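No lab work stands behind these numbers, since they all come straight from the coordinates. Computed from a prediction, not measured in an experiment: that's the story for all the values here. Note: ideal-geometry Cβ built from the backbone for every residue, glycine included; neighbour counts use all protein chains shown.
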């Protein structure tokens with residue numbers, strides 16, 4: 001499987017694109033409860049939660065990107081992607097081949113010291 005690209009849309013209904021930055025890892029999760037799109041893929045940025053949907057309409061899928069419908073059957077329940085470009089209302093994501101994706105999570109806890 002080769003690397004594919006997609007677009008995050010609908011950001012204005014969540015946090016806007018201001019929270020999206022290049023190189024952030026996002027989770028793509030099939031939205032099985034979506035009444036409007038049988039191939040809907042929700043996009044999550046932890047720890048915020050959902051930040052949009054993967055574009056799935058000829059009017060919203062940028063040239064050179066795959067629609068959610070073309071990606072939908074390539075994974076079971078969820079997969080991960082990397083934000084590559086952030087535009088005014090859209091972000092372009094790279095969806096690497098599963099075998100080449102290695103994710104490491106680091107959590108920092110800072111203790112508040114009272115004087």
Return the total of residues in region 32-68 being more than 19 Å from residue 90 (Cα to Cα) and in contact with a strand residue (DSSP E or B) (Cβ under 7 Å, 6 or more places away or on another chain). 0
Within region 31-52, track down each residue that is surrounded by 19 or more Cβ atoms within 10 Å (Cβ to Cβ) and touching a helix residue (DSSP H, G or I) at 6+ places or on another chain (Cβ under 7 Å). 40, 41, 45, 51, 52
Could you list all residues from region 39-90 that are under 16 Å from residue 4 (Cβ atoms) and assigned to a strand (DSSP E or B)? 41, 43, 54, 78, 79, 80, 81, 82, 83, 84, 85
Unmet requirement for residue 82, which otherwise passes all of (1) in contact with a helix residue (DSSP H, G or I) (Cβ under 6 Å, 6 or more places away or on another chain); (2) surrounded by fewer than 19 Cβ atoms within 10 Å (Cβ to Cβ); (3) within 12 Å of residue 95 (Cα to Cα): (1)
